[in-house]
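The values are calculated or read from the model by the stated rules, or taken from the named source; none is laboratory data. None of these values were measured; they are calculated from a predicted model. Because the Cβ atoms are built from the backbone with ideal geometry, glycine has one as well, and the counts that use them run over all protein chains shown. Side chains included, ligands, DNA and RNA excluded: accessible areas come from the protein's heavy atoms. Shrake-Rupley method; radii C 1.70, N 1.55, O 1.52, S 1.80 Å.
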Amino acid sequence: MRFGEEHQELRTAVRSLLARHEGAAAWGPLTQQIGVAGLAVPEEYGGAGCGPVEVHVVMEELGRTLAPVPYLGSAVLATQALLAAGDTGLLPALADGSTTGALAWAENGSWRPEAVRARAVRGAGGWRITGVKDHVLDGAGGSGGAGVLLVAARTEAGLALFHVPSGADGVSREAHTTMDLTRPQARLTFAGAEARAVGADGDRILAHVRDLACTALAAEQVGAAERCLELTVAHVRDRVQFGRSIGSFQAVKHRLADAFVRVESARSAALGASWAAAVGSPDLSRYAAVAKSACSEAFSAVAGDMIQLHGGIGITWEHDAHRYFKRAHGSSQLFGSPAGHRDRIAGAVVGPRGPGAERLA
Amino acid sequence: MSSTEKFRSEFRTWLRSGLTGEFAALKGRGGPGREHEAFAERLAWERHMAAAGWTCVGWPREFGGRGATLEEQVAFHEEYALADAPARVGHIGEQLLGPTLIAFGTDAQRARFLPGIRSVDELWCQGYSEPDAGSDLANVRTRAERDADGWSVTGQKIWTSLAHESQWCFLVARTGQGKRRHEGLSYLLVPMDQPGVEVRPIAQLTGTSEFNEVFFDAARTGADNVVGEPGDGWKVAMATLGFERGVSTLGQQVGFRRELEALIGLARRNGAADDPLLRDRLARAWTGLEIIRFNALRMLDGAAAGAPGPEASIGKIYWATWHRELGEVAMDVCGADGMLADGAPYDLDDWQRLFLFSRADTIYAGSNEIQRNIIAERVLGLPKEARA
Ligand SMILES: Cc1cc2nc3c(=O)[nH]c(=O)nc-3n(C[C@H](O)[C@H](O)[C@H](O)COP(=O)(O)OP(=O)(O)OC[C@H]3O[C@@H](n4cnc5c(N)ncnc54)[C@H](O)[C@@H]3O)c2cc1C
């Protein structure tokens, strides 16, 4: 589990580009100059033919700056859903960044495939979809809105994946006001919207996309947590109280050492999942759940420490600390909470849940 | 098949045929809190391993090892744990002193001591800690003086694991003055079987006794038995600590997995597995175990690339804390049963021993607090502690 030279080059390229282009404006150069949108797309569909480890590197870097670009929603979720479905026609336009994709998936706050209630019915003119989707990353309309809209919906035969053409009737998009201001989400309502089936095996597709999404998000959480730690270490070295730098107090030092252990152990977990995804390990689901739960908790804890150790300025709107803290909260709940993922792990390693908690006196 | 897999399967095959007959009963014996169990039989087993060339596998071939790569050493520890083979008795010599002599010893010292470690004919103990020198190791008071025929050692060591079973002790003693406390220390190899050495066992919280007080009263050792230059022992002592926190811990996650799996089995049997809070804690323990493994793999990759990096301190804090928490979960899984020791005089079960003995994990080989200081100062670059 080591990065090679080409990974370091990719990291350097993404980092220096993000230093030159702030905010959403980074997306154009990221796709045109580095080709991030097509990194994990096979060459035959216009991509670079790389895989989860390269995605990991990009996500770590995006996490460091909380870049508000549609990488996760488009280059990971939509692209991987199409690849898993084997429907490749839309990939070239996503890979070169000329359009972005969105996957309309979660309902009632859940990303579990079983939670999908949206329905797809076949009529004379093809499929029609009805239902409400929340937390659609970069799913709002307008200029930055996604051009390729994918929707998970239930048919009589089970869960399936659909493509809703842009401009189709019966689709309304409404931006959520998110606590984390750096990652836009939308509610999409479908009222008999026209759709084309892209994958009939929706349970498998969504389970796989969830594994890859958790893996990628874990890497982003590591990058963000690492940045929190760097900024905090720099602050406690500079800030003087009681005539010495506050970083010389052991209560502070030990807290940061623990943060370092958290960040590096989270990185181990995220890397483990990325490598498992890269080699197609049958244990990917478990490693993804481990990574998502551990990295969520690590980022939340380190972002919390960042506020505490910055004192008063840590709770101001001007300082970046709250942006990291809010992103930590948002990404912790995205694709399932840490406890939710541990519940999945418990199902696998402890066994099915029994009748109750009698022992809890 | 990769060379690691070949190595693994060769060792597995040997273990399978080796752990039979007189040795079959040794499965699962020994280990922290249970070092007294079948010690003589485990010693015989380890000599049997040595005869087949399965001790000191990580040492270079020229020193009697197999020159096993780090990956092969991990495979070795994994297979050993998977076979439920008894806890090792010669690990202090094999994993701490051996690599130290290979790095810093003279040819004569290597020729004299490495074969005895490899054949498990000589067991070693580590004489670092003293009543006033634990975390503050540079504060050792034990003195060694050079005279016409060698060294004379006087002082007291404490918490010396397996000193009562050992023929030799490697220790840190003050041999001269220095401007800084780290100067003037020497790393000496001292025979235990002599009138000037007294070993007194210390009872531990489990009721058993694995470590000791060791008193040196003009104890003798040869002029040649100093490793590195006299007065320059700190560097050698630190290298040994590096070995202690590094490779030797790589294999332990397999033993941890065995413990966790057994605990989950108990939770299923006694109904604890239905308790949502305990399910979460068991799943959290599982998550931590995967991270211990990935941390170790990263440390391996870093070491293979020539730069072990800070992963050793991360690994130590992480696994030690994890193991301690596993002991706490175990007591909640056991519930009310965990309050009772089964039988007289004080016969604890595996879970009670885990609960009690895992408290030591965050203390020995550099306590969590000392590891935090190392990370804060050497990795994060925060200001040093004020020192007396
Ligand atoms: C099971 C076991 C086996 C052992 N085997 C051996 C052995 O074979 N050979 C050997 O030489 N030693 C051995 N030891 C000793 C071990 O290395 C020491 O116990 C350890 O270094 C801690 O030293 P101490 O016990 O003197 O505690 P102290 O150094 O007195 O520390 C007490 C507490 O204070 C904290 N503390 C101390 N200094 C600082 C600081 N600067 N900042 C913050 N906190 C601090 C410590 O972390 C600890 O929590 C063993 C210990 C155990 C538990």
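I'd like to verify a number: residues in region A:288-323 that are open to solvent by less than 50 Å² (accessible area, probe 1.4 Å), in contact (Cβ under 8 Å) with a residue 40 or more places away in the chain and more than 16 Å from A:Ala234 (Cα to Cα), how many?
12
Please state which one of B:Ala103, B:Ala81, B:Ala85, B:Ala111 is open to solvent by 10 Å² or more (accessible area, probe 1.4 Å) and part of a loop (DSSP other than H, G, I, E, B).
Of the residues listed, the single one that is open to solvent by 10 Å² or more (accessible area, probe 1.4 Å) and part of a loop (DSSP other than H, G, I, E, B) is B:Ala85.
Give me the pairs, please: first residue somewhere in region A:104-125 and among the polar types (S, T, N, Q), second residue anywhere and part of a strand (DSSP E or B), beta-carbon distance under 8 Å, and either six or more positions apart or on two chains.
Correct list of pairs: A:Asn108/A:Asp134.
Tell me the residue from A:Val261, A:Val240 that is of a type outside the set (S, T, N, Q), within 12 Å of another protein chain (Cβ to nearest Cβ), under 27 Å from A:Ala276 (Cα atoms) and without any contact (Cβ under 8 Å) to a residue 12 or more places away in the chain, please.
On inspection, the qualifying residue turns out to be A:Val261.
Please enumerate the residues belonging to region B:321-337 that are within 11 Å of another protein chain (Cβ to nearest Cβ) and within 30 Å of B:Val379 (Cα to Cα).
Those that are within 11 Å of another protein chain (Cβ to nearest Cβ) and within 30 Å of B:Val379 (Cα to Cα): B:Thr321, B:Trp322.
If you go through region B:50-92 one residue at a time, how many are within 16 Å of the ligand (Cβ to nearest atom) and in contact (Cβ under 8 Å) with a residue 60 or more places away in the chain?
Number satisfying all stated conditions: 3.
Go through the residues of region B:125-135 one by one and say whether even a single one is more than 14 Å from chain A (Cβ to nearest Cβ), crowded, with 17+ Cβ neighbours inside 10 Å and either more than 16 Å from the ligand (Cβ to nearest atom) or in a helix (DSSP H, G or I) (or both).
no
Of the residues B:Asp217, B:Asp232, B:Asp224, only one is open to solvent by 10 Å² or more (accessible area, probe 1.4 Å), within 25 Å of B:Tyr364 (Cα to Cα) and away from every other protein chain (no Cβ under 14 Å); which?
B:Asp232
Within region A:245-253, does at least one residue satisfy the condition of being more than 12 Å from chain B (Cβ to nearest Cβ), surrounded by fewer than 24 Cβ atoms within 10 Å (Cβ to Cβ) and touching a residue at least 24 places away in the same chain (Cβ under 8 Å)?
No, because not a single residue in region A:245-253 is more than 12 Å from chain B (Cβ to nearest Cβ), surrounded by fewer than 24 Cβ atoms within 10 Å (Cβ to Cβ) and touching a residue at least 24 places away in the same chain (Cβ under 8 Å).
Can A:Thr12 be described as in a helix (DSSP H, G or I) and without any contact (Cβ under 8 Å) to a residue 12 or more places away in the chain?
So A:Thr12 passes the test.
Give the residues of region A:183-224 that are open to solvent by 20 Å² or more (accessible area, probe 1.4 Å) and of a type in the set (S, T, N, Q), sorted by residue number.
Selection gives A:Gln185, A:Thr189.
So, in region A:324-340, exactly how many residues are open to solvent by less than 20 Å² (accessible area, probe 1.4 Å) and aliphatic (A, V, I, L, M)?
Matching residues across region A:324-340 total 2.
Which one is nearest to the other protein chains (Cβ to nearest Cβ), of the residues in region B:360-377 that are assigned to a helix (DSSP H, G or I) and within 8 Å of the ligand (Cβ to nearest atom)?
B:Arg372
Listed here are the residues, each with its yes/no results for (1) of a type in the set (Phe, Trp, Tyr); (2) over 26 Å from B:Glu37 (Cα atoms).
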{"position": "B:Gly116", "(1), (2)": "no, no"}
{"position": "B:Ser119", "(1), (2)": "no, no"}
{"position": "B:Trp124", "(1), (2)": "yes, no"}
{"position": "B:Tyr128", "(1), (2)": "yes, no"}
{"position": "B:Ser152", "(1), (2)": "no, yes"}
{"position": "B:Thr160", "(1), (2)": "no, no"}
{"position": "B:His164", "(1), (2)": "no, no"}
{"position": "B:Phe170", "(1), (2)": "yes, no"}
